[in-house]
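The values are calculated or read from the model by the stated rules, or taken from the named source; none is laboratory data. This is a predicted model, so every value here is computed, not measured. No Cβ is skipped: glycine too gets one built from the backbone with ideal geometry, and neighbour counts run over all protein chains shown.
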Amino acid sequence: MENKKGRASFLKNKKEKRSFLKNKKGMELSVLFLVVLTLALCGFTLIYLSIRESKIRNELYDVGYMEEIYSRESRINFYIDSIMEEAVIGINENSNKQEFVQTFKIELNKYKTDNGFILYELNQVEEQLVDENIEIDSEKAKLNLNINIQNDFLKGDKEVLYVSYNYEKSFEANLKHL
């Protein structure tokens, strides 16, 4: 009989323990904690992802801005290379630098419109056509230029970013022997 009494008190203690883990409406507190913590985790995750998404969007804008500058650099290089190829026709190692400058200016002016050059940065080239920047030998003509690309990036009426990109490049063209 004692064994039954011990067993009955054990079951009674177990029920008391369970009733302690339940709130007054009968739901277990562990389930309540699980639900609350899950909702909190979901909320923090959504906030984190929205902050991270805006950061990624800003980085994508930055890449787009630099891509515009590099694209402009490529176009400038293309036009100057094209001018160099045409300017060296008839130039040889006995030609002086002034002959090269004159033919280069003639070719450069082909890219000029009523409003100026088709690319604004080509204005800088004409100013740098001096003897110190030109080398002519038996094989090639070389022109050393320092070009500055500036751009204001606007979003609506508001300036988002101002970029000033400076680069030096040596443009070369092989002399065409007639």
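Is it true that some residue in region 70-79 is more than 31 Å from the chain's Cα centre (by Cα), basic (K, R) and either at negative phi or assigned to a strand (DSSP E or B) (or both)?
Kept after step one, since they are more than 31 Å from the chain's Cα centre (by Cα), are these residues of region 70-79: none.
No; the residues of region 70-79 include none that is more than 31 Å from the chain's Cα centre (by Cα), basic (K, R) and either at negative phi or assigned to a strand (DSSP E or B) (or both).
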Review point. If you scan region 95-120, which residues turn out to be at pLDDT 90 or above and of a type in the set (D, E, K, R)?
Key: K105, E107, K110
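Of all residues being exposed (fewer than 11 other Cβ atoms within 10 Å of the Cβ) and not basic (K, R) in region 24-34, which is modelled with the highest pLDDT? Just the residue, please.
Applying the first criterion (exposed (fewer than 11 other Cβ atoms within 10 Å of the Cβ)) to region 24-34 yields 24-26, 30, 33.
Subset that is not basic (K, R): 26, 30, 33.
Numbers: G26: 59, S30: 82, F33: 86.
For region 24-34, the residue satisfying everything is F33.
May I ask you to say which residue of L129, L145 is in contact (Cβ under 8 Å) with a residue 24 or more places away in the chain and outside any strand (DSSP E or B)?
Numbers: L145 fails: outside any strand (DSSP E or B).
Within the list L129, L145, the selection yields L129.
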